Amino acid sequence: QEVDLTTNELVFFWDAKDHIALESSHLPASTATATSNVWDPYHLNSLDLVANNNNDIVFSARSTWTVYRLHKPTGEFVWKLAGDGSGDFKIPAGNAQFSWQHDARYISDNVISMFDDACDDCYASIPPGTAPSHGLVLNLDFNNMVATAQTSYYHNPNLFSSAQGNTQWLGNGNKFIGWGNGYYTEFAQPGNTELMPATSTLYDVKMAGDNISYRTYRQAWVATPYYPPSVTVASGDSGPAVYASWNGS
């Protein structure tokens, strides 16, 4: 939906089920038995306006392994980029393929970035042949309708993210990857490969405990809270632990 914040008027409405066949979902309808009888055949998880074009939207549907470009005035697709090559773009077998993706971003007319989870519900076990999760930048060739990998960003060691994650473009060309499972990493622009994941790694962090994050961003943060931080110290098995909360800004 698009809403005019001044008038609260609904100015655009679009429903996936009117345009995307249920049969295109890679998530079996039988999964509804574990989710209160609700099937999630699309799972739209990112939305991006096309630069200098307020009439087109690029969005990701995790369950169909597809990134779509939508023309708002007609509600029809300009193109479909499917990770298995079943859309409008052929994808050669290899590192340009993707699945269960998050955070599809329109970078330019022929460049799309995303976080390729390559994994779904892999918490208990990883299916044989599953590719490690990674940041992915694709080039779109509109003359031949082929998508190829420009750069990729793998964690050292390789990680398997069952859900979530993002690929942020920094001003200097570096990529900041949130892995959806508590890790976040900054990479130099050239990227790396699954077999050489240490290449281009500049900074890597694992959040404490079982903390996770849907997406992770690097940016300047400035705030002036209405009151000072709240801090408390508690004793733990390995020594004192400090907890802080700074809410309101």
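Being within 18 Å of S108 (Cα to Cα), surrounded by fewer than 17 Cβ atoms within 10 Å (Cβ to Cβ) and free of Cβ contacts under 8 Å to residues at least 24 places away in the same chain is the filter here; which residues of segment 57-78 pass it?
Result: H71, V78.
Considering only residues that are within 16 Å of G173 (Cβ to Cβ), part of a loop (DSSP other than H, G, I, E, B) and not β-branched (V, I, T), which ones fall in segment 195-216?
To start, the set of residues in segment 195-216 that are within 16 Å of G173 (Cβ to Cβ) comprises 199-203.
In the following step, the residues that additionally are part of a loop (DSSP other than H, G, I, E, B) were identified as 199-200.
Listed by number, the list holds a single entry, S200.
Among L49, L44, which is the only one that is within 17 Å of the chain's Cα centre (by Cα) and modelled with pLDDT under 95?
Numbers: L44 fails: modelled with pLDDT under 95.
Exactly one residue qualifies, and that residue is L49.
Quick one: F115 ticks every box in (1) over 22 Å from Y203 (Cβ atoms); (2) in contact with an Asp or Glu (Cβ under 7 Å, 6 or more places away or on another chain) bar one, so which box is it?
Answer for F115: the failing condition is (1).
Here are some residues: D116, D103, D109. Which one is open to solvent by less than 20 Å² (accessible area, probe 1.4 Å), within 30 Å of E2 (Cα to Cα) and free of Cβ contacts under 8 Å to residues at least 60 places away in the same chain? Spell out how you get there, then give the answer.
Numbers: D103 fails: free of Cβ contacts under 8 Å to residues at least 60 places away in the same chain; D109 fails: open to solvent by less than 20 Å² (accessible area, probe 1.4 Å).
Exactly one of D116, D103, D109 is open to solvent by less than 20 Å² (accessible area, probe 1.4 Å), within 30 Å of E2 (Cα to Cα) and free of Cβ contacts under 8 Å to residues at least 60 places away in the same chain, namely D116.
Can you name the residue in segment 201-232 that is open to solvent by 100 Å² or more (accessible area, probe 1.4 Å) and more than 30 Å from F187 (Cβ to Cβ) and is also nearest to the chain's Cα centre (by Cα) among such residues? So that I can check it myself, show each step before the final result.
First, pick out the residues of segment 201-232 that are open to solvent by 100 Å² or more (accessible area, probe 1.4 Å): 202-203, 210, 212, 217-219, 221-222, 224, 226-227.
Next cut, more than 30 Å from F187 (Cβ to Cβ) only: 224, 226-227.
Details: T224: 31, Y226: 34, Y227: 35 Å.
Filtering segment 201-232 for residues that are open to solvent by 100 Å² or more (accessible area, probe 1.4 Å) and more than 30 Å from F187 (Cβ to Cβ), the one nearest to the chain's Cα centre (by Cα) comes out as T224.
The values are calculated or read from the model by the stated rules, or taken from the named source; none is laboratory data. Just so it is clear, the model here is predicted, and its values are computed rather than measured. FYI the Cβ positions are ideal-geometry reconstructions off the backbone, even for glycines, and counts take in every protein chain you see. Accessible surface is based on the protein model in full, side chains and every heavy atom, while ligands, DNA and RNA are left aside. Shrake-Rupley method; radii C 1.70, N 1.55, O 1.52, S 1.80 Å.
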